1. Please label the shape of the stretch 27-163 as rounded, prolate or oblate, based on the square roots a ≥ b ≥ c of the eigenvalues of the alpha-carbon gyration tensor (a/c under 1.5 means rounded; beyond that, a/b larger than b/c means prolate, else oblate).
2. Given a Förster distance of 45 Å, report the FRET efficiency between residue 10 and residue 59 from their Cβ-Cβ distance, rounded to the nearest 0.05.
3. When only Cα pairs under 8 Å and 6 or more residues apart are kept, what is the percent relative contact order across the chain?
4. If you keep only loop residues by DSSP, which GluC sites (Glu not before Pro) in the stretch 67-173 have at most 13 other Cβ atoms within 10 Å of their Cβ?
5. What dipole magnitude, in Debye to the nearest 20, does the stretch 27-163 give about its Cα centre under +1 on Lys/Arg Cβ and -1 on Asp/Glu Cβ?
6. Give the percent of DSSP beta bridges with both residues in the chain that are antiparallel, rounded to the nearest 5.
7. In nanometres, what is the gap between the two model label sites at residue 162 and residue 109, each 7 Å from Cα along Cα-to-Cβ?
Amino acid sequence: MSGASVPMIFEGSPNVLPPGTRVGIVVARWNEPITRRLLAGALHRFEAAGLPAAAVDVAWVPGSFELPLAADRLAATGRYAAILCLGAIIKGETSHDHHIATATAAGIEATARGRGLPVIFGVLTCDTLAQAMVRAGGAAADGYAGNKGAECAAAAAEMVALLSQIVPAGGRS
C-alpha cells in the first residue's frame, strides 16, 4: 500500500519524568496512618522515576473533602506539572462516606479539567480499615507493592510525559 498513512501515537512513560518537572501532593490527615503510607509510596515512586525530593511539595489538609480546594490552589500557581490527591475514606455506620467520596472525586476531576493538568485521584474508598491498609501497601515486605500512592505517582508521571507531547491550539502546553 503505497502512501498509506499511519496514526500519530502519543504515549507517556510511568518511569521517567521530563527534566525540570515539579509535582504537588495534597494529603488528607484524616486516617493519617493510611495516608502517610500512601505518601511514602508516592515519594518512593517519584524518586524511582528520577524526580528529586526537592521537586515535590506536600500540602496537608484536614480530610479528603478539602483535597480539591488545596489541589486547585496549588494548580493555580502554575508551578506544577501534576498534583496528586491522597486520602482514605472508610465506611462508617452511615452514608456519610458516599457523600464525601462523591464530592471529593467531582472536585478533583473539575480541578484537572479546569486547570489543564493531571490531578490524580489517590483517594481510597474502602469498607474497612483492613482494606485500606492493604491498598496502602499493607502486607508488602517493602510497603510499596500494591500501594495506591505509588500507583498514582506512576499515573502522574505517565500523564506528564503524555501531555508534554500534545501541544494544544495556540502552542501553549
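Only the coordinates and a few stated rules stand behind these numbers; no lab work does. Given the structure is predicted, the values throughout are model-derived calculations rather than measurements. Cβ atoms come from the backbone with ideal geometry, glycine included; neighbour counts cover every protein chain shown.
1. Oblate shape, in that a/c is at least 1.5 and b/c is the bigger or equal ratio.
2. Once rounded, the FRET efficiency stands at 0.90.
3. 32 percent
4. Those satisfying the criteria are 93.
5. 180 debye
6. The answer is about 5 percent antiparallel.
7. 1.6 nm
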